[in-house]
Amino acid sequence: MPLKFAVDHAARIIRVRAFGTFGSNDVRDYQLHVRALPEHRGFHEIFDLSSVERIEYISGRNVRELAELAASNDSPAEPTYLAIVAPHPTAFGLARMYQTYRDMAPHSTRIVRIFRSCDDAEQWVGQMIRTRAAAGVAGALCTPWTSE
């Protein structure tokens, strides 16, 4: 899976960065093995596609199925936020399609927005969290990634 993720339990945020060649199986595996875990319910996400070099064929049907799978993992108790960083046209278009299907999915409680930069995504997620009466977040949400 060309994805790296970090879970910030204190801020209740999962940060994901995709690398290299990216496809629907990568998203499906992430949904099944990370997002579906009960301890991650109610967490917000920043999903960064800026390091993707190539996108494998992803059909509209794949995008719809991924949106429905993701919605099945939503916490019904509270809305959460997903910021997708997609600076490249193909990734941006697929992210918008995902956003549309996610908005239409029954049981979806996630609010999805698409951004061209991590800074804009960070600002939006932080603002949305701060406006919720029960939450307050300090510090950056999109931390710089270092090569390992």
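Numbers below:
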read-out: Residue match in the range 66-83 (condition: among the hydrophobic types (A, V, I, L, M, F, W, C), at pLDDT below 90, within 12 Å of the chain's Cα centre (by Cα) and over 22 Å from residue 117 (Cβ atoms)); value: no
read-out: Selected residue (only one of 91, 77 is surrounded by 15 or more Cβ atoms within 10 Å (Cβ to Cβ) and farther than 17 Å from residue 8 by Cα); value: 91
read-out: Yes/no for residue 49 being under 13 Å from the mean Cα position of the chain (by Cα) and in a helix (DSSP H, G or I); value: no
read-out: Pairs where the first residue, in the range 10-24, is within 23 Å of residue 41 (Cβ to Cβ) and β-branched (Val, Ile, Thr) and the second is open to solvent by 20 Å² or more (accessible area, probe 1.4 Å) and at pLDDT below 90, C-beta under 9 Å, 6+ apart; value: 13/137
read-out: Residues of the range 2-34 that turn out to be in contact with a strand residue (DSSP E or B) (Cβ under 7 Å, 6 or more places away or on another chain), in a helix (DSSP H, G or I) and either open to solvent by 40 Å² or more (accessible area, probe 1.4 Å) or not aliphatic (A, V, I, L, M) (or both), as a count; value: 2
read-out: Filtered residue count, the range 94-127, keeping only those that are in contact with a helix residue (DSSP H, G or I) (Cβ under 6 Å, 6 or more places away or on another chain), at pLDDT below 95 and open to solvent by 20 Å² or more (accessible area, probe 1.4 Å); value: 2
read-out: In the range 46-55, residue nearest to residue 92 (Cα to Cα) [restricted to those that are crowded, with 20+ Cβ neighbours inside 10 Å and touching a helix residue (DSSP H, G or I) at 6+ places or on another chain (Cβ under 8 Å)]; value: 49
read-out: Residues within the range 56-74 that are among the basic types (Lys, Arg) and surrounded by fewer than 16 Cβ atoms within 10 Å (Cβ to Cβ), tallied; value: 1
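The values are calculated or read from the model by the stated rules, or taken from the named source; none is laboratory data. No experiment lies behind these values; they were computed from the predicted model shown. Reconstructed Cβ throughout: ideal geometry from the backbone, glycine too, with neighbour counts over all protein chains shown. These accessible areas exclude ligands, DNA and RNA; they are computed on the full protein's heavy atoms, side chains included. Shrake-Rupley method; radii C 1.70, N 1.55, O 1.52, S 1.80 Å.
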